[in-house]
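Presented below is the structure to which this report refers.
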Amino acid sequence: MVKQQIFNGKTVEEAIETGLAALSVSRDQAEIEILEEGKKKLFGSVPAQVKITVKETRTDGERAVDFLKGLLSLLKTEATPLLKSEGEKVEIDLQAEQTRGIIGRRGEIIDAIQTLAGAVANIGRDEYMRVVVDCENYRADREETLRRVAEKLAAKAVRLGKKVRLEPMNPYERRIIHAALVENEEVTTKSEGKEPSRFVVIIPKNLKPFEKKEGFRKGGNGKRDFRGNRHDSDRKYGERKQYPKRELPTEETPQSSGTSLKRDTSSSGYKKGGFNGFFGTYLGNSREDESETTQSPDQTEE
């Protein structure tokens, strides 16, 4: 409730001092409006009159909480922000039955809410005050998960002798990774990239030097190129390789195989088994063949 009251005095300054003392506030905490400056008349005088209104005094955390109430109402989220503590940092807890819509995937929503609350709490401040917005102990659980992941990936980096890159994180989570491995004597950590895609890299102290694979060289020395083809060092690049000539089938080659190219010139037509223009299939006169090749079911070989 806003305190507001009118005070009188012989002068304006006297009326102000009387009002500030009565309200127990300082001049910085009050809004002063002069209603009458006071006048002296031939018979008597008109007193000075001022109206003093006490300014609404809210802490940085209280302003952040009031802002979150309006924000959550606009988001149509049934959650209640409560100010847990306010000292070196402001801690606000969001109480809700359904926390998934407040936390989001990997804390994306609650991180955005925390950023906005921090901006409101630091309005007019010379020194930045950290604001932490939590929901159902999410921050502590997330911190423990990041510590386990950091230790696991650090062991992997040492075992392989290679750098391990983590997924992009916000500054708060990157600090957790750095703090978790600061006492690890086998690895070091550093942040790379630009916001919002900045990430942590775990570097083992037994880092193996980069070795170029010779199997991808193009050219000689008996190596293979990127297609897997082998090149000999004694052959010039672009020189065509000599392949052995293919020999024609000999006369002993079975004519029924369809590979013989020998033609019988003793007759005017094509002879069975000779070259008939088609490979692997005989397409001669069916009537002529029937007398030579077809046997009845009653015939048997002698």
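The values are calculated or read from the model by the stated rules, or taken from the named source; none is laboratory data. Given the structure is predicted, the values throughout are model-derived calculations rather than measurements. For neighbour counting, all protein chains shown are included, and Cβ atoms are generated from backbone atoms with ideal geometry for every residue, glycine included. When the accessible area is computed, the model is the full protein with side chains, heavy atoms only, and any ligands, DNA or RNA have been set aside. Shrake-Rupley method; radii C 1.70, N 1.55, O 1.52, S 1.80 Å.
Quick notes on this structure:
- Residue that is nearest to ILE113 (Cα to Cα) [pool: residues in segment 125-139 that are open to solvent by 50 Å² or more (accessible area, probe 1.4 Å) and out of contact with any Leu (no Cβ under 9 Å at 6 or more places or on another chain)]: ARG130
- Restricted to segment 29-49, and to residues there that are open to solvent by 90 Å² or more (accessible area, probe 1.4 Å) and in contact (Cβ under 8 Å) with a residue 24 or more places away in the chain, the residue that is nearest to the chain's Cα centre (by Cα) is GLU31.
- Candidates GLY101, GLY107, GLY118, GLY87, filtered to the one that is among the small types (Gly, Ala, Ser), under 12 Å from GLY61 (Cα atoms), surrounded by 13 or more Cβ atoms within 10 Å (Cβ to Cβ) and out of contact with any Cys (no Cβ under 6 Å at 6 or more places or on another chain): GLY118
- Residue within segment 135-148 that is within 28 Å of LEU207 (Cα to Cα), in contact with a Pro (Cβ under 7 Å, 6 or more places away or on another chain) and either free of Cβ contacts under 8 Å to residues at least 60 places away in the same chain or part of a loop (DSSP other than H, G, I, E, B) (or both) present: no
- Residues in segment 173-201 that are under 16 Å from GLU143 (Cα atoms), without any contact (Cβ under 8 Å) to a residue 24 or more places away in the chain and among the small types (Gly, Ala, Ser): ALA179 alone.
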